[in-house]
Amino acid sequence: MNISVRQLKAFQILAEEHNFTRAAQRVHLTQPAFSALIQSLESSLGVRLFDRSTRRVELTPEGLHFQRAVPRLLNDLESLVGEMREFESKRRGRVSVAALPSLAAGWLPGIYAKFAAMYPGVQLSLHDALLEPCLQRVREGEVDMALAALGRDMSGLETTLLCEDRFYLVCRRDHRLADLAEVELDMLEEEGLIQLGRGSSIRHSLMAQPRVAAFRTTLEVDHLATVTGLVLAGMGVSLVPGMTLFHFRSPELRIVPLTERSEIRRQLYLVKRANRSFSQAAAFHDLLMAERNSLAPGRQMVIRKMC
């Protein structure tokens, strides 16, 4: 059986007009061509759908039965075509993301690899940047979205919470706090902290804690790799979020959780321009949201992984 959408629409129009001439005019066909279309439909179905007379065309009982099903068939076909076009659009195009360095280096590579396998025709770009440059790229339309913390000014932007990330102490294995199961912030008052620069969302989160803001900063650097090297060299300790701990994979270092009372968290968001919908980026957004539970594992999981 070979029935086309064109035949179904011709059937609908003839059922409405009850006249071959008027129906043919509506679809811009000659009357013989329109009649041939209806005849081919009847031949495919093996039944007569219309009784013809010189004055009027009426549906047969079989035609009446078929008429009840045609709108549903056309709606289903149109929905399917729309879904396939949407699916195809996701297989092409471009998705551009700005992300904090801790996300761009740790979590996002696996997401990018999964998305690339699902949609190989989509061109991906990734801009790893500090907080305010990430947000500015969204505002200026350079990227579809950013994965970042909240900035000083969030006007014109919409946010969706991705996760809350806990902070941990990192120190050398011979440090006086290295063998503790947990540490209180008060235990760090005499320590020198190695801090990231003031443009970092990590630094923003720490400086929002009055006790931490009062701690002595030994050195201030721009990259977590540098923090790692300085801690290894015994230049101080650092407080870093859980999703950055892959930088500190070394038998010479220890990762120690903060106690519940001292716990510090930072919230991370998916950020986009207000009142803007995603196009090709919609599929990437959906994957991010489906995978966000893997962003910030619990403290016990982190300790088992890192030690």
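The values are calculated or read from the model by the stated rules, or taken from the named source; none is laboratory data. Computed from a predicted structure; not experimentally measured. For neighbour counting, all protein chains shown are included, and Cβ atoms are generated from backbone atoms with ideal geometry for every residue, glycine included.
Which is of a type in the set (Val, Ile, Thr) and under 30 Å from residue 240 (Cβ atoms), of 38, 111?
Going through 38, 111 in turn, just one is of a type in the set (Val, Ile, Thr) and under 30 Å from residue 240 (Cβ atoms): 111.
Can you tell me which residue in the range 182-199 is surrounded by the most Cβ atoms within 10 Å (Cβ to Cβ), limited to those that are assigned to a helix (DSSP H, G or I) and in contact with a helix residue (DSSP H, G or I) (Cβ under 9 Å, 6 or more places away or on another chain)?
The extreme case among them is 188.
I'd like the full set of residues that are surrounded by 14 or more Cβ atoms within 10 Å (Cβ to Cβ), modelled with pLDDT under 85 and in a helix (DSSP H, G or I), limited to the range 73-128.
89, 90
Based on this model, can you work out whether residue 162 counts as more than 30 Å from residue 250 (Cβ to Cβ), of a type in the set (A, V, I, L, M) and not in a helix (DSSP H, G or I)? Explain how you work it out, then say what you get.
Details: more than 30 Å from residue 250 (Cβ to Cβ): no; of a type in the set (A, V, I, L, M): yes; not in a helix (DSSP H, G or I): yes.
No; evaluated as a whole, the condition is false for this residue.
Scan the range 24-35 residue by residue and report those that are exposed (fewer than 14 other Cβ atoms within 10 Å of the Cβ) and either within 24 Å of residue 61 (Cα to Cα) or hydroxyl-bearing (Ser, Thr, Tyr) (or both). Walk me through how you get there before you give the answer.
Here is the first cut: in the range 24-35, the residues exposed (fewer than 14 other Cβ atoms within 10 Å of the Cβ) are 28, 30, 32-33.
Listed by number, the list holds a single entry, 30.
In the range 159-175, which residue that is of a type in the set (D, E, K, R) and at pLDDT 95 or above is surrounded by the most Cβ atoms within 10 Å (Cβ to Cβ)?
172
Is it the case that the range 209-223 has a residue that's closer than 21 Å to residue 263 by Cα, of a type outside the set (Gly, Ala, Ser), part of a loop (DSSP other than H, G, I, E, B) and more than 21 Å from the chain's Cα centre (by Cα)?
So far as the range 209-223 goes, yes, one or more of its residues are closer than 21 Å to residue 263 by Cα, of a type outside the set (Gly, Ala, Ser), part of a loop (DSSP other than H, G, I, E, B) and more than 21 Å from the chain's Cα centre (by Cα).
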